[in-house]
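K.L.:
Got a structure for you, written out below as structure tokens; questions coming shortly.
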Amino acid sequence: MKKVARMLLGAPVLLAASLALGSAWAENLTLYTSQPDADAAKTVEAFKKVNPDIEVQVYRSGTSEIMSKLAAEFAAGAAQADVLLIADAVSMESLKKQDKLQAYEKANVEGFAADSYDPGKTYFGSKLITTGIAYNSAAPSKPAHWADLAKPEYKGAIVMPSPLYSGAAAYLLSGFVANPEFGWDYFEKLKANETVSVRGNGAVLKSVASGEKPYGILVDFMALNAKAKGSPIEFVFPSEGVPAVTEPVAIMAGAKNVPAAQKFVDFILSDEGQKLALEQGYLPAKPSIGRPGWLPEGVEVKVMPIETQKVLQQTDADKAKFGQMFGG
């Protein structure tokens with residue numbers, strides 16, 4: 001009996017040791033992402049189904065805040081992220097210029113448009129996210145053009161995401177500023193029309209859907225997915241064009257687990273990863289995967305031409321000036 005008791009008492013110790021050993025051998029991956037919480041959770045869940053032996057630690061915030069966090073980590077010599085999945089190519093170009101990204105030459109980009117990924121294969125677009133105009137279904141006016149938001153009837157009724165937090169908003173800001181049809185004059189008109197700048201696209205959606213501010217500058221998928229779920233919101237792709245970001249994925253130069261990071265990139269670019277983007281209500285970067293239900297066949301979205309390198313050169317100054325105009 002004493003022998004059996006010793007064996008039973010020893011079992012938990014052996015189990016604990018076994019679990020500890022298994023944990024020690026498990027791969028760990030640190031992901032920094034600007035995806036909405038629900039999307040980030042689904043992305044990690046789907047990735048782990050294909051790679052069950054990889055544990056994923058996630059830091060989620062707006063792209064601008066992620067870039068600030070990375071800058072602080074670089075300064076301290078303690079970068080933590082293995083892989084990034086953030087809003088825009090401009091932020092990736094900034095990191096590439098600092099030699100903070102590493103190339104993944106073997107990434108499978110077959111079927112992807114050449115302009116959806118870096119020619120040097122340091123980052124890869126995962127989807128197409130445009131920014132347009134959202135409005136509450138009960139709103140008295142129905143905007144069709146960017147210029148409409150500067151009209152007197154919209155005064156005090158507009159909300160937009162802050163480019164100090166949102167990568168898509170920062171891309172829109174610098175793209176518009178560089179466009180002679182808009183420039184700073186457009187944002188001065190928005191300011192004069194008492195447009196309110198809020199922390200991110202989620203806050204814009206909440207405000208417009210509730211009717212607090214019936215009009216908003218917002219990313220397409222948030223508005224149209226909310227509408228599909230019964231939210232009283234409409235969305236307009238202005239005919240003069242919309243800015244578009246590609247939510248690229250990239251491996252950090254100082255990644256502690258490069259093989260796991262490569263597997264994450266592989267998943268995002270795979271048909272399974274692209275189908276997940278479609279299921280989440282996005283327009284996949286790989287056209288053959290299909291179109292989301294909110295974008296009917298035959299409807300073409302006019303993407304506004306914006307020079308990424310020019311945006312990179314001016315984005316910091318543009319955000320600083322925007323902050324002075326609209327607040328942080």
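The values are calculated or read from the model by the stated rules, or taken from the named source; none is laboratory data. Just so we're clear, the structure is a prediction, and the values are computed from it rather than from any experiment. Every residue, glycine as well, gets a Cβ built from its backbone with ideal geometry; the counts of neighbours run over all protein chains shown.
K.L.:
Which of the residues spanning segment 74-113 are among the polar types (S, T, N, Q) and either under 24 Å from Ser270 (Cβ atoms) or part of a strand (DSSP E or B) (or both)?
P.N.:
Ser91, Gln102, Asn108 - these are the residues of segment 74-113 that are among the polar types (S, T, N, Q) and either under 24 Å from Ser270 (Cβ atoms) or part of a strand (DSSP E or B) (or both).
K.L.:
Pairs please, first residue from segment 236-251 and in a strand (DSSP E or B), second anywhere and of a type in the set (S, T, N, Q) and surrounded by fewer than 19 Cβ atoms within 10 Å (Cβ to Cβ), Cβ atoms under 8 Å, 6+ apart in sequence or on different chains.
P.N.:
Ile251/Gln102; Ile251/Gln262
K.L.:
Quick test for you: out of Lys263, Lys310, pick the one residue that is assigned to a helix (DSSP H, G or I), surrounded by fewer than 23 Cβ atoms within 10 Å (Cβ to Cβ) and at pLDDT below 95.
P.N.:
Going through Lys263, Lys310 in turn, the sole match is Lys310.
K.L.:
Something else: Determine whether segment 158-179 contains at least one residue that is farther than 23 Å from Thr63 by Cβ and within 27 Å of the chain's Cα centre (by Cα).
P.N.:
No, there is no match, as no residue in segment 158-179 is farther than 23 Å from Thr63 by Cβ and within 27 Å of the chain's Cα centre (by Cα).
K.L.:
Could you please give the count of residues in segment 220-234 that are outside any helix (DSSP H, G or I) and modelled with pLDDT under 95?
P.N.:
1
K.L.:
Here's a follow-up. Counting only residues that are part of a helix (DSSP H, G or I) and among the aliphatic types (A, V, I, L, M), how many does segment 266-300 have?
P.N.:
Within segment 266-300, residues that are part of a helix (DSSP H, G or I) and among the aliphatic types (A, V, I, L, M) number 6.
K.L.:
If I filter segment 108-120 for residues that are surrounded by fewer than 23 Cβ atoms within 10 Å (Cβ to Cβ), of a type outside the set (Ser, Thr, Tyr), at positive phi and under 25 Å from the mean Cα position of the chain (by Cα), do I get at least one hit?
P.N.:
The answer is yes; a qualifying residue exists.
K.L.:
Condition test on Gly156, is it surrounded by fewer than 21 Cβ atoms within 10 Å (Cβ to Cβ), part of a loop (DSSP other than H, G, I, E, B), at positive phi and in contact (Cβ under 8 Å) with a residue 60 or more places away in the chain?
P.N.:
No, not satisfied.
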